[in-house]
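Okay, so here's the structure we're looking at.
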Amino acid sequence: MLANGASYSLAVLPGDGIGPEVVDAALKVLNAVEKREGFSTLISKGLIGGAAYDVFGEHLPQATIDICRGSSAILFGSVGGPLTEAAKPKWANCERNSILSLRKEFGFYANIRSLRVPPGLEHLSPLRQGLIPGGHSIMVIRELLGDIYFGEHNTTGVSPKRIASDIAEYREEEILRIARLGFELARGRRRSVVSVDKANVLDTSRLWRDVVTSVQREFPDVTVEHQLVDNCAMQLVRNPAQFDLLLCPNLFGDILSDIVSVLGGSLGLMPSASLNDQGFGLYEPAGGSAPDIAGKGIANPIGQILSLAMLLRYSWRMDGAANAIEMAVETALASGARTRDLCRSGEPSVSTEEFAEAVVQALEE
Ligand code: NAD
């Protein structure tokens, strides 16, 4: 779809570490896409994480929330400092105070992560060669607002007799909306959903399985297979190519999506989207702020650039522009442009900025 003349408002929250570097790369790509598709974007930048703490003394200032409220989507970099400095006030609970608070603030109930192994880079996978072919894609849909993270947490007693408990809870409607989203997204893919649970033990999982089964009846063209989470974790490592779309409760999705994020060989490859009921979304790469490589200009911007593609697809309904970005990333890789994390020792690498320029060039051709 051409969006000739349309104008969109975008909140941009670069955050910490490599966040500002990879966000800059994505904004270069946005600029090229705007010209190509004929739309414009009004960008409002906001501080978040340690960068916000330096100015406001808090990780998620009201000014940043207001910027997000006034925008039609959020492009997020990453937050957090070096793990060795996690106790310092600037970094203590930084991730929880910023990204988790944003999730709550805007009711982001669905997290979508999508990995496509770039053709020609299959050898980077930590798995045995041939297990995950180039071009193979796995999408993980994770429910974000229910499950064990949001029930009551409690510790009683004194050592050595302490007892800790965390209540896992799912409401039927929470499962319904994530399952419907999963099946809808499956329609744009291989029409095959693997739903993950632990229905042999957990009541929340039995409800999950029951509701997912009922939703499948609304989508007779999509198949569903129910897998126990322990089996699914094993299958992801043994034979990942069998999966197209995984539908997961919050806790299992947290863990399994991290397994999927490394199947391509670098954490820098994977984009993600967090959506609410109104289709408002936050888009960010799956990795963190990578303080070990921050400021060196070597971070891989692909996850951030592909997050921008997801933003165009899910929030602004510009499928054509999203596809164009995804193809341009693959063209740039095929031309040999690779950041250091994608190179074997001795292979030449490009900087974050140079990779973005290669994507822009591919878009302009
Ligand atoms: P990390 O993802 O930042 O880094 C893990 C490893 O992957 C590092 O070696 C890093 O260099 C590499 N890496 C990550 N992204 C990369 C990229 N784009 N290009 C090249 N290499 C990349 O995880 P960590 O080291 O455990 O955490 C660092 C900080 O990030 C912590 O403060 C953590 O809380 C935070 N974090 C933030 C988010 C978020 O903002 N949503 C998510 C995860 C971790």
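The values are calculated or read from the model by the stated rules, or taken from the named source; none is laboratory data. Everything numeric in this text was worked out from a predicted model, so none of it was measured. Note: ideal-geometry Cβ built from the backbone for every residue, glycine included; neighbour counts use all protein chains shown. The accessibility values were calculated without ligands, DNA or RNA, using every heavy atom of the protein model including side chains. Shrake-Rupley method; radii C 1.70, N 1.55, O 1.52, S 1.80 Å.
Specify which of the listed residues (192, 101) is open to solvent by 20 Å² or more (accessible area, probe 1.4 Å), of a type in the set (Ser, Thr, Tyr) and within 30 Å of residue 330 (Cβ to Cβ).
Values: 101 fails: within 30 Å of residue 330 (Cβ to Cβ).
The unique qualifying residue is 192.
Out of (1) open to solvent by 40 Å² or more (accessible area, probe 1.4 Å); (2) within 14 Å of the ligand (Cβ to nearest atom), what's the single condition that is false for residue 113?
Of everything listed in (1) open to solvent by 40 Å² or more (accessible area, probe 1.4 Å); (2) within 14 Å of the ligand (Cβ to nearest atom), residue 113 misses just condition (1).
For segment 1-20, which positions are modelled with pLDDT of 95 or more and either crowded, with 19+ Cβ neighbours inside 10 Å or over 19 Å from residue 280 (Cα atoms) (or both)?
Matches in segment 1-20: 8, 10, 11, 12, 13, 14, 15, 16, 17, 18, 19, 20.
Looking at segment 195-211 only, could you name the residues that are of a type in the set (Lys, Arg) and either open to solvent by less than 10 Å² (accessible area, probe 1.4 Å) or closer than 29 Å to residue 136 by Cα (or both)?
Within segment 195-211, 198, 209 meet the criteria.
Among the residues in segment 3-23, are any among the aliphatic types (A, V, I, L, M) and in a helix (DSSP H, G or I)?
yes
Free of Cβ contacts under 8 Å to residues at least 40 places away in the same chain and in a strand (DSSP E or B): is that true of residue 111 in this structure? First the steps, then the outcome.
Values: free of Cβ contacts under 8 Å to residues at least 40 places away in the same chain: no; in a strand (DSSP E or B): yes.
Judged against the criteria, residue 111 is not a match.
Here's a check for you: in segment 24-59, which residue that is of a type in the set (Phe, Trp, Tyr) and outside any loop (DSSP other than H, G, I, E, B) is surrounded by the most Cβ atoms within 10 Å (Cβ to Cβ)?
Of all residues in segment 24-59, those of a type in the set (Phe, Trp, Tyr) come to 39, 53, 56.
Right, trim to outside any loop (DSSP other than H, G, I, E, B) and you get 53, 56.
Values: 53: 25, 56: 15.
So, considering only residues that are of a type in the set (Phe, Trp, Tyr) and outside any loop (DSSP other than H, G, I, E, B), the one surrounded by the most Cβ atoms within 10 Å (Cβ to Cβ) is 53.
Output the number of residues of segment 221-252 satisfying the condition of being out of contact with any helix residue (DSSP H, G or I) (no Cβ under 9 Å at 6 or more places or on another chain) and either in a helix (DSSP H, G or I) or over 26 Å from residue 344 (Cα atoms) (or both). Quick ask: steps written out before the conclusion?
Here is the first cut: in segment 221-252, the ones out of contact with any helix residue (DSSP H, G or I) (no Cβ under 9 Å at 6 or more places or on another chain) are 225, 230-231, 234, 238-239, 241.
If we keep only those that are either in a helix (DSSP H, G or I) or over 26 Å from residue 344 (Cα atoms) (or both) too, we end up with 225, 230-231, 234, 238, 241.
Residues that pass the stated criteria total 6.
Looking at segment 314-333, is at least one residue in a helix (DSSP H, G or I), of a type in the set (Ser, Thr, Tyr) and away from the ligand (no atom under 16 Å from the Cβ)?
Narrowing segment 314-333 to residues in a helix (DSSP H, G or I): 314, 319-333.
Now drop any that are not of a type in the set (Ser, Thr, Tyr), which leaves 314, 331.
After this cut, where a residue has to be away from the ligand (no atom under 16 Å from the Cβ) as well, the list is 314, 331.
Yes, that holds for at least one residue.
Given the structure, is residue 231 at pLDDT 95 or above and open to solvent by less than 10 Å² (accessible area, probe 1.4 Å)? Break it down into steps so the answer makes sense when it comes.
Numbers: at pLDDT 95 or above: yes; open to solvent by less than 10 Å² (accessible area, probe 1.4 Å): no.
Judged against the criteria, residue 231 is not a match.
For residue 147, only one of the following conditions fails: (1) more than 16 Å from the ligand (Cβ to nearest atom); (2) open to solvent by 30 Å² or more (accessible area, probe 1.4 Å). What is its number?
Residue 147 satisfies every listed condition except (2).
Is at least one residue of segment 272-282 closer than 16 Å to residue 15 by Cα, at pLDDT below 95 and within 13 Å of the chain's Cα centre (by Cα)?
Within segment 272-282, none of the residues are closer than 16 Å to residue 15 by Cα, at pLDDT below 95 and within 13 Å of the chain's Cα centre (by Cα).
Determine which member of the set 119, 126, 89 is at pLDDT 95 or above and open to solvent by 30 Å² or more (accessible area, probe 1.4 Å).
One residue alone meets the criteria, 89.
Could you give every pair whose Cβ atoms fall below 8 Å, whose first residue belongs to segment 76-105 and is in contact (Cβ under 8 Å) with a residue 40 or more places away in the chain, and whose second residue is within 10 Å of the ligand (Cβ to nearest atom) and open to solvent by 90 Å² or more (accessible area, probe 1.4 Å), counting only separations of at least 6 or pairs across chains?
Correct list of pairs: 79/95; 80/95; 82/292.
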